[in-house]
Amino acid sequence: MTKAELVSAIANRTGIEKVTVLNTIETFMEVMKDTMSSGENVYLRGFGSFILKRRAEKIGRNITKNTSIKIPAHYIPAFKPAKPFSSQVKNKVKA
């Protein structure tokens with residue numbers, strides 16, 4: 001599902017104008033990025049947690065130049081779904 005499809009689905013279910021829904025989603029994403037960039041996790045009860053995972057420093061290889069490079073420790077965003085959300089997806093999606 002794309003952002004445009006998400007906006008359409010929410011607008012159809014709620015009766016709110018698409019422009020308002022789009023602005024709300026854009027603002028939500030900005031707040032999420034700002035919050036996580038400042039080092040905080042975001043918890044949405046019943047849906048899941050957007051958390052920061054620390055990646056340790058490691059040595060990487062550039063195989064074309066046959067050199068080693070040091071990759072510094074860093075953080076990456078990750079999503080951990082809530083149990084009700086995970087079980088709903090497991091029960092609905094058929095492989």
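Can you name the condition, by its number, that Arg61 falls short on among (1) exposed (fewer than 11 other Cβ atoms within 10 Å of the Cβ); (2) basic (Lys, Arg); (3) closer than 28 Å to Val89 by Cβ; (4) over 22 Å from the mean Cα position of the chain (by Cα)?
(3)
Can you tell me how many residues in the stretch 29-57 are open to solvent by less than 100 Å² (accessible area, probe 1.4 Å) and within 14 Å of the chain's Cα centre (by Cα)?
So the answer is 15.
Which count do you get for residues in the stretch 40-53 that are farther than 23 Å from Ser87 by Cβ and modelled with pLDDT under 95?
Of the residues in the stretch 40-53, 0 are farther than 23 Å from Ser87 by Cβ and modelled with pLDDT under 95.
Do you know which of the residues in the stretch 57-76 that are part of a strand (DSSP E or B) and small (Gly, Ala, Ser) is farthest from Met36 (Cα to Cα)?
My answer is Ser68.
Could you check the stretch 69-90 and list, in sequence order, the residues that are at pLDDT below 95, under 16 Å from Phe47 (Cα atoms) and open to solvent by 90 Å² or more (accessible area, probe 1.4 Å)?
Hits for the stretch 69-90 are Lys83, Gln88, Lys90.
The values are calculated or read from the model by the stated rules, or taken from the named source; none is laboratory data. Predicted model, so just to flag it, every value in this text is computed and none were measured. Glycine gets a Cβ as well: all are built from the backbone with ideal geometry, and neighbour counts include every protein chain shown. In case anyone asks, the SASA skips ligands and DNA or RNA and just uses the protein heavy atoms, side chains included. Shrake-Rupley method; radii C 1.70, N 1.55, O 1.52, S 1.80 Å.
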